[in-house]
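Computed from the coordinates by the stated procedures, all read-outs in this text should not be read as laboratory data. Here the structure is a predicted model, which means the values were calculated and not measured. Glycine gets a Cβ as well: all are built from the backbone with ideal geometry, and neighbour counts include every protein chain shown.
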Amino acid sequence: MNLRSKIFRELLKDVIFFGPFVFAVCVNILLWILLFFFFQPSSEFVPLHYNIYFSIDKFGAWYKIFYIPANALAILFINTILALVFYSREKVISYFFLFSSLFIQLIAFFSGSLILINI
């Protein structure tokens with residue numbers, strides 16, 4: 001058995017590694033679904049940023065609302081690759097990458113979608 005297959009089997013058994021990754025992917029998928037459900041293509045501008053002092057302070061095209069989950073997905077992808085690279089050397093660092101990507105997914109979900117959907 002080579003080293004890569006051994007590390008891969010260990011990854012699948014490691015709940016601390018695999019759990020945040022799966023939960024982050026599910027949150028990102030839910031974010032995409034919510035935004036596709038609430039924002040259909042139109043020629044009207046949609047609110048892109050909400051400020052507690054001035055209410056809505058930025059408008060834009062409807063497709064720009066999908067920058068939030070796209071950026072969160074890119075961060076999830078990069079953090080997962082970094083977690084895989086560091087897993088065999090230092091597991092704590094790989095856990096940090098995965099939990100930080102989960103935290104970013106939750107921030108994107110709550111701040112990005114729920115606030116904009118409720119406007």
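Worth pointing out:
- Simple label model, 7 Å out from Cα along Cβ direction - F37 to K13, nm: 3.9
- Region 12-80, relative contact order [Cα under 8 Å, separation at least 6], %: 29
- In terms of its alpha-carbon gyration tensor, region 43-119 comes out prolate; a/c meets the 1.5 threshold, and the first ratio a/b outweighs b/c.
- Of all lysines in the structure, the ones whose alpha carbon falls short of 22 Å from that of K13, not counting any fewer than 8 places away in one chain, are K91.
- Taking one quarter of the surface of the convex hull spanned by the alpha-carbon atoms of region 9-77 gives a direction-averaged projected area of 6.2 nm².
- Nonlocal amide H pairs with G60, under 5 Å, H built at 1.01 Å: V46, L48
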